[in-house]
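Reviewing the structure listed below.
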Amino acid sequence: MPDEPKLQADVTDADASTSLPPSPETTASDHPGHKKASVLTLALGSVGVVYGDIGTSPLYALREALAHTAYDGISRADVEGIVSLLLWSLVAIVTIKYVLFLMRADNKGEGGIFSLLALAQGVMKSRTTFVLVVGILGAALFYGDAIITPAISVLSAIEGLRIITPVFDDFVVPLTMIIIVGLFFVQSRGTGAVAALFGPLTAIWFLALAGAGLMHISDDPAILLALNPLNAAEFLLNNGMGGLAVLGSVFLAVTGAEALYADMGHFGRTPIRLAWLGLVFPALALNYMGQGAFVLAHPEGAENPFFLMLPDVARLPMVIMAAIATIIASQAVITGTFSLTRQAVQLGILPRLEIRHTSETEEGQIYLPRVNWMLCGGVLLLVVLFESSSALASAYGIAVTGTMVLTSLLAFVVVHRVWKWSLALSILVIVPFLFIELIFLSANLLKIAEGGYIPVAIAAYLALCMWTWVRGTKIVYEKAHRESLPLTELITSLGRKPRTRVPGVAIFLTSDPEMVPSALMHNLKHNQVLHETNVILQVVTAPSPRVPADRRIELTTLSDDFKLLKLTYGYMEQPNVPLALADCRRMGLKFDIMKTSFFLGRRSFKAQAKTGMPVWQDKIFIGLARSAANATDFYRIPTGRVLELGQQMTI
């Protein structure tokens with residue numbers, strides 16, 4: 001595929017969205033809005049939103065890693081080696097790669113795989129298929145992870161009730177399902193008020209983790225030897241393929257690392273780094289060492305070291321705290337999925353979806369009904385199928401490791417092409433991360449038959465849908481361009497043969513401003529009239545997360561009757577056409593919503609075997625096009641001012 005300046009060309013003229021050729025410009029500063037709050041306040045907020053997922057890993061990570069050595073008895077070397085692997089995985093992947101290095105690769109303050117994609121596309125002078133495919137695969141894998149995280153997190157917390165009394169055995173799955181349904185049910189009401197509690201509650205959780213670990217390090221102080229990375233290396237060397245299987249479970253400790261980068265725009269790199277180095281990492285390290293010391297002193301506790309190492313009186317409160325922590329972790333994943341989906345829609349990787357804003361003041365607080373309930377159904381299905389967090393652990397990790405590998409590949413393009421590092425230095429920095437992540441990916445691939453196929457299947461299906469949408473919209477755009485009349489020719493023709501005029505303003509949305517919108521052609525053909533003022537409107541998605549207000553509007557006069565209006569939005573912004581049109585008044589456009597008609601062209605499609613994509617892929621594209629949200633709602637156009645004109649097209 002050639003360079004993607006037309007990536008957003010939609011299946012209808014109703015979506016006037018197109019994407020600008022990305023700019024290589026980037027900034028190392030934090031998001032401007034972060035100045036309004038203190039660093040400590042933002043750091044506390046990031047503890048709940050950014051670290052919720054990784055903060056629940058102690059519930060099951062060491063337990064699952066030890067389970068791979070239990071068949072021939074757990075030795076001291078096993079425990080010290082596994083704890084060392086846990087600690088140094090946190091250091092290598094989370095601390096060095098994400099906290100200290102990758103968070104420097106921001107797109108005007110925003111992070112995440114789509115920010116890397118935009119930066120990488122901006123410096124690719126020729127074909128961008130590679131970075132586009134990497135971005136699509138990374139996003140698809142994120143969705144696979146988003147379905148598993150709530151299931152394994154909530155299940156692992158509620159399973160603590162079994163430690164208190166076996167009476168709860170039959171209630172673990174039903175209670176988990178009730179909590180999950182409740183969690184997804186409240187999404188439509190917004191999370192602003194609840195989110196204010198996330199930081200303090202999760203901070204208390206991390207303090208409890210640290211306290212529980214400190215209580216037991218004295219059980220066997222030799223666990224401090226796990227701080228030596230040679231113990232981790234020796235364990236892997238001595239255990240061969242068995243060590244690789246353990247690595248698949250060890251990776252559970254770092255599954256929330258991608259959130260560090262993806263949520264950077266909400267808090268800024270400094271608060272996130274402060275929270276990690278000052279609270280989160282020390283608490284996790286103390287807890288893992290405490291669990292290890294407890295298992296060394298009480299080998300029978302390897303069955304569930306997190307809950308068994310607690311005093312009887314503290315177990316029920318800790319189960320309650322764990323449930324709260326897992327709900328917060330799940331909430332962070334859900335809202336992250338909403339944000340990622342909106343970016344994908346704006347970048348043209350997914351069709352339009354209904355997006356509801358749940359806050360009048362916070363642009364980032366959104367709710368996507370279809371995504372919400374599809375996630376809910378997937379999570380509930382996993383809970384019913386697997387029934388325990390141990391069984392789900394087999395399905396967990398592949399999606400996250402795959403996303404990390406793809407992130408590293410895009411990071412290589414950015415450091416070499418955007419930061420202008422030499423090829424040798426770029427390889428020297430990125431390859432060690434790739435090497436570690438590929439080892440973890442290999443370890444997790446061993447779990448394919450045990451359930452790991454689930455996130456792979458989900459990601460493969462979503463990646464196919466995304467790629468089909470990208471290919472299909474490109475084919476539709478090119479075909480419509482070939483079959484349309486140049487706008488300049490129409491304007492010249494109308495100058496020679498004037499049409500009957502009617503008062504008011506007519507706005508024709510289009511994705512190709514060089515050609516005549518189909519809605520305009522239909523209006524002239526069937527109604528034989530022309531409005532006093534005609535505006536050809538194109539909505540553009542910029543390769544930056546947000547666009548300043550002074551760069552939003554570009555109004556060009558084509559003739560006495562026609563104007564070309566281009567509105568530019570960032571890929572994290574929601575277009576609001578009436579609001580932008582109101583701002584156009586100061587530029588000379590006479591806009592009155594009650595005297596304005598919006599003309600939208602709506603296309604229907606038929607599959608054709610001879611050209612374009614294979615018929616089966618055409619059918620997927622047609623299904624996606626039919627499921628797209630109404631352009632009127634997406635652009636916030638008043639429904640009473642819209643006229644839709646249909647057109648059938650073969651693809």
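The values are calculated or read from the model by the stated rules, or taken from the named source; none is laboratory data. What you are looking at is a predicted structure, and each value in this text was computed from that prediction instead of being measured. Here the Cβ is made from the backbone with ideal geometry for all residues, glycine too, and neighbour counts use every protein chain on show.
Structure summary
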quantity	calculated
Residue in segment 276-295 that is at pLDDT 85 or above, more than 30 Å from residue 76 (Cβ to Cβ) and either within 18 Å of the chain's Cα centre (by Cα) or small (Gly, Ala, Ser) (or both) present	yes
Matching entry among 621, 598, 562 (being aromatic (Phe, Trp, Tyr) and more than 22 Å from residue 490 (Cβ to Cβ))	621
Among residues of segment 578-629, those that are assigned to a helix (DSSP H, G or I), more than 29 Å from the chain's Cα centre (by Cα) and under 24 Å from residue 539 (Cβ atoms), counted	10
Residue in segment 346-368 that is in a helix (DSSP H, G or I) and not polar (S, T, N, Q) present	no
Filter result for residue 487 (hydrophobic (A, V, I, L, M, F, W, C), farther than 17 Å from residue 589 by Cα and modelled with pLDDT of 90 or more)	yes
When residues of segment 431-452 are limited to those that are touching a residue at least 12 places away in the same chain (Cβ under 8 Å) and aromatic (Phe, Trp, Tyr), the one surrounded by the fewest Cβ atoms within 10 Å (Cβ to Cβ)	433
Residues located in segment 635-651, provided they are assigned to a helix (DSSP H, G or I) and in contact with a strand residue (DSSP E or B) (Cβ under 9 Å, 6 or more places away or on another chain)	641
Lone qualifier among 358, 337, 341 - being farther than 26 Å from residue 227 by Cβ, more than 16 Å from the chain's Cα centre (by Cα) and of a type in the set (Ser, Thr, Tyr)	358
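Residues are listed down the side, and each one gets a yes or a no for (1) among the polar types (S, T, N, Q); (2) part of a helix (DSSP H, G or I); (3) exposed (fewer than 14 other Cβ atoms within 10 Å of the Cβ); (4) touching a residue at least 12 places away in the same chain (Cβ under 8 Å):
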| site | (1), (2), (3), (4) |
| --- | --- |
| 477 | no, yes, no, yes |
| 481 | no, yes, no, yes |
| 488 | yes, yes, no, yes |
| 493 | yes, yes, yes, no |
| 505 | no, no, no, yes |
| 513 | no, no, no, yes |
